[in-house]
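The values are calculated or read from the model by the stated rules, or taken from the named source; none is laboratory data. It should be emphasised that the depicted structure is a prediction, and the values quoted were computed from it without experimental measurement. Don't worry about glycine lacking a Cβ; one is built from the backbone with ideal geometry, like all the others, and counts go over all protein chains shown.
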Amino acid sequence: MIQIRKKIDGYKSLPMGLREDSHLHSYRKNMVHSFRILMTDARICRTLTYVNTTTNNMKSEKTKKIIYWVLTGLVSFVFLGSATGKLTGNEEAFKMAADFGIDAKTYTMIGVAELISLILFILPRTGVVGTILLSAYMGGAIASHAQHGLPILAPSVILTFVLLVSFYRFPELVNRLLNRQS
């Protein structure tokens, strides 16, 4: 910018033919006009770069939010189905609970605890607490299955899925577990 100003204001260094007022005015006018075009182009490029970066960030944030809620919905679907079965008093569910040595009232209370844990998991502010409660619940399910000689694959897969979703939803949880600085 300083060099251009020197060329515009330093007319003495111009060729002889341009020292006349009409030519000098034309030369200055062209130089200033060229400088304005360059500055306008630079501003437009900067603005376009900013808008493009902002748009990409907005798209990636929107995509992250969609993934966040879809994964939360999948976990909710699994546990809501399980809690509904416990709370509705399904005969088949009560029979299975009786095989485990659990009476109907206790089985209903387990359903209520599962539902409360799920609600805490769904809400972003209490999601970490919900994660801990659902993990403990699934740990109990794995222990009960193992004690009664049933396969533990299904509760293990559900527990793993809950933890993976939680790690995606709450990066601070991963940092805390791996003892990393945020």
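A few points about this structure:
- Taking every residue in region 129-147 that is within 17 Å of Glu172 (Cα to Cα) and pairing it with any residue that is hydroxyl-bearing (Ser, Thr, Tyr), at least 6 positions away or on another chain, the pairs with Cβ-Cβ distances below 7 Å are Gly130/Ser117; Thr131/Ser166.
- Test: residue in region 97-112 that is surrounded by fewer than 17 Cβ atoms within 10 Å (Cβ to Cβ), in contact (Cβ under 8 Å) with a residue 40 or more places away in the chain and of a type outside the set (Phe, Trp, Tyr): yes
The rows are residues; the columns are (1) within 30 Å of Ile67 (Cβ to Cβ); (2) buried (at least 17 other Cβ atoms within 10 Å of the Cβ); (3) touching a Pro at 6+ places or on another chain (Cβ under 6 Å).
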| residue | (1), (2), (3) |
| --- | --- |
| Lys95 | no, no, no |
| Leu115 | yes, yes, no |
| Leu118 | yes, yes, no |
| Arg125 | yes, no, no |
| Leu133 | yes, yes, no |
| Gly140 | yes, no, no |
| Ala143 | no, no, no |
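- When Thr108, Thr126 are checked against the criterion of being modelled with pLDDT under 95, of a type in the set (Ser, Thr, Tyr) and assigned by TED's automatic domain parsing to the domain that holds His145, a single residue qualifies: Thr108.
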